[in-house]
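Colleague: Got a structure here, written out as structure tokens. Questions coming.
Values quoted throughout were computed directly from the atomic coordinates according to the rules given, and no laboratory measurement underlies them. Keep in mind it's a predicted model, so treat the numbers as computed, not measured. All Cβ positions, glycine included, derive from the backbone under ideal geometry; neighbour counts span all protein chains shown.
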């Protein structure tokens, strides 16, 4: 399927430009809009991986946006820099959620995007971002995370309406199985519809083809796992098709 891509610039109240990356099918028009999926990247920012994810989603028939939550299009391959930026936005999670809401609204208003039929996927830090978007009641029908940080900004309650699919690596040393169990309790307490798939032997970052290179460069425990990446991607597409059409 042929696709088109563009930059989506959202400006915050204090003048920060959020430079997100949109990909959508050529066939998506105002007369025949398609469901939209927001993509929250890993802590590296809107690098090649989330852009390619948005493009893959567009080829699967969805409009997609890789969200620039850091602002000004900042990206890095240095873990220390990524960690600093991530901690800066996590220190003001209301600001982070306001930025996500702004991008969601601007994306939903794009020609060819059905703003009433939205889902979200997130990777690592981005997994936390999309779950928190659902936790604060943003209009997402379906949320999927890959090797996501599952810790809540605030615990899910009756505002949580999204269905959830979690893909977790069995050998993830950054998000423990205890954290997964805590997440399950949180979802159960909120009455949420969720499922958790554990991919045995997969490490943190298992969907990112650059994970091994980043691990070596930064001395952190990441690893690409092609089978887990492909299996979890296919399950996510089935999940989105079931919930967004």
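Colleague: How large, in Å, is segment 1-156 by the Kirkwood hydrodynamic radius built from its alpha-carbon pairs?
Modeller: Roughly 15.2 Å, rounded to one decimal.
Colleague: Another question, then. Return the tail of the calculated pair distribution for segment 1-53, meaning the percent of Cα-Cα pairs more than 16 Å apart.
Modeller: 52
Colleague: Within a 10 angstrom radius of the beta carbon, how do 49, 204 rank from fewest other beta carbons to most?
Modeller: The most exposed by this proxy come first: 49, 204.
Colleague: Dimensions of segment 22-111 along principal axes (Cα, Å, largest first)?
Modeller: 44, 25, 17
Colleague: Moving on. Quickly work out the residue 195-to-residue 159 label distance, labels modelled 7 Å from Cα along the C-beta direction, and quote it in nm with one decimal.
Modeller: Once both label points are built, they end up 2.8 nm from each other.
Colleague: Give the relative contact order (percent, whole number) for segment 124-190; include only Cα pairs under 8 Å separated by 6+ residues.
Modeller: In percent, rounded to a whole number, it is 33.
Colleague: May I pose another question? In the chain, what percentage of the DSSP-assigned beta bridges are antiparallel, given to the nearest 5?
Modeller: 30
Colleague: How high is the relative contact order of the chain, in percent, counting Cα pairs under 8 Å that sit 6 or more residues apart?
Modeller: Answer for the chain is 15 percent.
Colleague: A follow-up question, please. Determine, for 9, 220, the number of other Cβ atoms within 10 Å of each Cβ, and report the residues in order from fewest to most.
Modeller: Least to most surrounded, the residues fall as 9, 220.
Colleague: I would also like to ask the following. Give me the Kirkwood hydrodynamic radius of segment 98-245 in Å, from all C-alpha pairs, to one decimal place?
Modeller: Kirkwood hydrodynamic radius for segment 98-245: 15.7 Å.
Colleague: I've got another one for you. Taking the highest mean first, how do the peptides 195-202, 103-110, 142-149 order by number of other beta carbon atoms within 10 angstrom per residue?
Modeller: Per-residue Cβ counts within 10 Å, averaged per peptide and sorted highest first, yield 142-149, 103-110, 195-202.
Colleague: Cα centroids of segment 171-245 and segment 38-110: how far apart, whole angstrom?
Modeller: 18
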